[in-house]
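The values are calculated or read from the model by the stated rules, or taken from the named source; none is laboratory data. Quick caveat, the model's predicted, so the values are computed rather than measured. Virtual Cβ from ideal backbone geometry, glycine too; neighbours counted across all protein chains shown. Side chains included, ligands, DNA and RNA excluded: accessible areas come from the protein's heavy atoms. Shrake-Rupley method; radii C 1.70, N 1.55, O 1.52, S 1.80 Å.
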Amino acid sequence: MEEFREIKSISQMHHLLGLNKPMHPAISLVNMKDVKLTKELFNQKYIWDFYMISLKFENCELQYGRQYYDFEEGTLVFSSPGQVFEAKKQPETLNENGWALYFHSDLIQKSDLGKNIKSYGFFSYKSNEALHLSEKEKEKISRCIEAIEDECQQNIDKHSQTVIVSNLELLLNYCNRFYDRQFYTRSTHQQDVVKKIEELLVDFFNSDNSIQQGIPTVKFCADQVNLSPNYLSDLLKKETGKNTQEHIHFHLIEKAKNLLLSSNASVSGIAYDLGFEYPQSFGTLFKKKVGMSPNKYRQLN
């Protein structure tokens, strides 16, 4: 069995990187120029129990999940607790302008950000879906990072957590905005992805795949276009107004309508043919999307 080294706290991460104890137990900004490069860091798989936002790990080849990525200047990469990392190649130096912000879920647990953290889908994007910043965007991100760093260096009081979390939320909201810009500026590529997904679903439901494989999942669709599930859903939402699940349901319901009107098969039989394990689930989804039961739709048409 493959072994993973679990890093449970910010303090453990500081120790691994050869740094002094963090000023705050639940959040830390690490400047790459301060990191001590040791053999211990490399050729070892790690699981981190906290969130990470990193900028410009230049000259460092890092494996993120199953992807390798050479970090470029002005590139932001995100990860959430439970991700697997492995540094494969030890560089002679790390670029002194690079940084990584680590924060534990305990920091945001009782805040609005803690309730909404899952809405920042980029924490689950693949490394090749990183955020590429313009110069002006880098300046805004830098100001947020400086504000967080400054607060972390103050003596902790009853206001510290509120101020830090507020600045962290501002940082993440900027990242949301900049990802929207990135989706927009790459619209030609995005349209190609939309076209591929549409063709994939049309072909899938025009074949007997649903009988053999069941209803296609978001992950299945994402794998076909080499994207992460969250990134694909966000891309489709920006381009079409519907996420991946909604696209799947649209084609599923269109196929169901066709079968209801063109065959004498029972509703249960159609449900099984479409890949549903339980006919009741098909009935519930159909009524939610069409506004009436499958039987009612068949009678009226």
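Considering segment 126-137 alone, what residues qualify as being outside any strand (DSSP E or B) and within 13 Å of L172 (Cα to Cα)?
E137
Would you point out the residue of segment 266-286, among those that are open to solvent by 40 Å² or more (accessible area, probe 1.4 Å) and not in a helix (DSSP H, G or I), that is farthest from H249 (Cα to Cα)? Talk me through it step by step, then tell me what you get.
Looking only at segment 266-286, we keep the residues that are open to solvent by 40 Å² or more (accessible area, probe 1.4 Å), and these are 266, 268, 272-273, 277-278, 280-281, 284.
Cutting the leftovers down to not in a helix (DSSP H, G or I) gives us 266, 277-278.
Details: S266: 20, E277: 16, Y278: 16 Å.
Selected residue: S266.
Within segment 18-36, can you find the residues that are of a type in the set (A, V, I, L, M) and in contact with an Asp or Glu (Cβ under 8 Å, 6 or more places away or on another chain)? So that I can check it myself, show each step before the final result.
Of the residues in segment 18-36, the ones of a type in the set (A, V, I, L, M) are 19, 23, 26-27, 29-30, 32, 35.
Hits for segment 18-36 are L19, A26, L29, M32.
Residue by residue through segment 226-243, note down the ones that are open to solvent by less than 30 Å² (accessible area, probe 1.4 Å) and over 12 Å from the mean Cα position of the chain (by Cα). Give the steps one after another, and end with the answer.
Let us first name the residues in segment 226-243 that are open to solvent by less than 30 Å² (accessible area, probe 1.4 Å), namely 227-228, 231-233, 235-236.
Residue satisfying the conditions is L236 alone.
Going through segment 153-193 one residue at a time, which ones are under 15 Å from H132 (Cβ atoms) and either open to solvent by 80 Å² or more (accessible area, probe 1.4 Å) or over 22 Å from the mean Cα position of the chain (by Cα) (or both)?
Passing the criteria: R177, Y184, T185, R186, H189.
Suppose we keep only residues that are open to solvent by 60 Å² or more (accessible area, probe 1.4 Å) and modelled with pLDDT under 90 within segment 110-135. Which one would you say is farthest from I7 (Cα to Cα)? Lay out the reasoning, then the answer.
Filtering segment 110-135 down to residues open to solvent by 60 Å² or more (accessible area, probe 1.4 Å) leaves 110, 112, 115-116, 118-119, 128, 135.
From what's left, modelled with pLDDT under 90: 110, 128, 135.
On the way: K110: 23, N128: 24, E135: 33 Å.
The qualifying residue farthest from I7 (Cα to Cα) is E135.
Looking at segment 1-40, which of the residues that are among the charged types (D, E, K, R) and in contact (Cβ under 8 Å) with a residue 24 or more places away in the chain is farthest from E149 (Cα to Cα)? Let's see the steps before the verdict.
Filtering segment 1-40 for residues among the charged types (D, E, K, R) gives 2-3, 5-6, 8, 21, 33-34, 36, 39-40.
Those still in the list that are in contact (Cβ under 8 Å) with a residue 24 or more places away in the chain too: 2-3, 5-6, 8, 33, 39-40.
Details: E2: 36, E3: 34, R5: 28, E6: 25, K8: 21, K33: 15, K39: 28, E40: 27 Å.
Per the stated criteria, the residue is E2.
Among the residues of segment 1-53 satisfying the criterion of being open to solvent by less than 60 Å² (accessible area, probe 1.4 Å), part of a strand (DSSP E or B) and at pLDDT below 90, which is nearest to W99 (Cα to Cα)?
N31
Condition first: more than 22 Å from P229 (Cα to Cα), of a type in the set (S, T, Y) and part of a helix (DSSP H, G or I). Now tell me which residues in segment 95-125 satisfy that.
S105
Go through K242, K238, K289 for me and flag whichever is within 30 Å of S127 (Cβ to Cβ), touching a residue at least 40 places away in the same chain (Cβ under 8 Å) and of a type in the set (K, R). Even if it seems obvious, please write down each step before you answer.
Details: K242 fails: touching a residue at least 40 places away in the same chain (Cβ under 8 Å); K289 fails: within 30 Å of S127 (Cβ to Cβ).
Selected residue: K238, the only one of K242, K238, K289 that is within 30 Å of S127 (Cβ to Cβ), touching a residue at least 40 places away in the same chain (Cβ under 8 Å) and of a type in the set (K, R).
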